[in-house]
Amino acid sequence: MSLPARTAVVSRVTNETKIQVSLSLDGGILPPYEPSSHFPAATPEEAEAAKKGIVPPKDAAHATQFTATQQITAHTGIGFLDHMLHALAKHSGWSLALTTITPRKTSSLPSAQPLPKRSAPANPLTRFGRGDAPLDEALSWAVIDLSSRPYAVIDLGFRREKIGDLSTEMITHGLESFAQAAGVTLHVGCSYGSNDHHRAESAFKALAVAVRTACSRRVAGEVGAGDVVSTKGVL
């Protein structure tokens with residue numbers, strides 16, 4: 001059964017940071033960014049190509065990966081953050097394009113990442129998801145509920161103040177902000193690991209697995225198809 005792609009385009013402008021996000025929860029081609037005076041104007045050729053979807057920048061870094069089923073590019077100005085967002089998108093099954101402009105280098109996670117808090121009754125979401133992911137000696141887990149009840153408990157046990165240019169404190173804060181902005185209940189923890197890079201990356205991959213499960217849709221013929229996934233009858 002072919003279902004419509006779930007896509008969103010979001011812009012967020014503050015005095016400190018300008019963010020553009022294009023997201024497809026189901027992979028595939030990304031819709032173009034909203035026009036913005038804050039980002040460089042495209043050449044006529046780039047503008048024409050962008051009508052069909054996001055075009056990867058010519059100076060694409062390691063956090064860009066366009067395949068037949070996924071389009072991912074993240075440019076925040078912080079290499080480790082780009083790496084984490086790339087991992088999150090790849091293992092969630094998303095297509096994601098994110099670009100930022102920062103007057104000064106900041107160390108926070110962008111909070112303009114949209115997630116569905118509910119879906120049309122014809123194709124309800126699974127709603128709950130759990131993911132576990134190892135990276136060498138580190139093992140992390142994540143549990144998410146697309147509940148419209150924003151809450152987060154994040155315990156990654158970092159030992160260092162920074163990983164590259166990214167503040168470990170802001171990784172925790174960013175995941176908490178993500179839960180608030182998306183309206184989800186989120187618990188993420190690292191069970192063990194001696195390397196903070198591995199702790200963080202395994203946590204993002206675990207979150208990706210949890211998100212992918214929770215965002216899967218119940219199609220006709222499955223138990224719960226057409227139902228609101230709540231005993232209250234509403235999310």
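One table, with the values for the structure above:
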read-out	value
The range 79-129: number of residues that are more than 14 Å from the chain's Cα centre (by Cα), assigned to a loop (DSSP other than H, G, I, E, B) and at pLDDT 55 or above	6
First in the range 173-191 and assigned to a strand (DSSP E or B), second anywhere and modelled with pLDDT under 95 and not aromatic (Phe, Trp, Tyr), Cβ under 8 Å, 6 or more apart	Thr185/Ser147; Thr185/Arg149
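Per-residue answers, yes or no, for (1) more than 26 Å from Arg217 (Cβ to Cβ); (2) at pLDDT below 70; (3) in a loop (DSSP other than H, G, I, E, B); (4) not β-branched (Val, Ile, Thr):
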site: Ile19; (1), (2), (3), (4): yes, no, no, no
site: Gly27; (1), (2), (3), (4): no, no, yes, yes
site: Pro31; (1), (2), (3), (4): no, no, yes, yes
site: Phe39; (1), (2), (3), (4): yes, no, yes, yes
site: Ala42; (1), (2), (3), (4): yes, yes, yes, yes
site: Ala47; (1), (2), (3), (4): yes, yes, no, yes
site: Ile54; (1), (2), (3), (4): no, no, yes, no
site: Lys58; (1), (2), (3), (4): yes, yes, yes, yes
site: Ile72; (1), (2), (3), (4): no, no, no, no
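Each row is one residue, and each column tells you yes or no for (1) more than 19 Å from the chain's Cα centre (by Cα); (2) at pLDDT 95 or above; (3) crowded, with 19+ Cβ neighbours inside 10 Å.
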{"position": "Asp132", "(1), (2), (3)": "no, yes, no"}
{"position": "Trp141", "(1), (2), (3)": "no, yes, yes"}
{"position": "Asp165", "(1), (2), (3)": "yes, no, no"}
{"position": "Ala182", "(1), (2), (3)": "no, no, yes"}
{"position": "Glu201", "(1), (2), (3)": "no, yes, yes"}
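The values are calculated or read from the model by the stated rules, or taken from the named source; none is laboratory data. These figures come from a predicted structure and were not determined experimentally. Backbone-built Cβ (ideal geometry, glycine too); neighbour counts: all protein chains shown.
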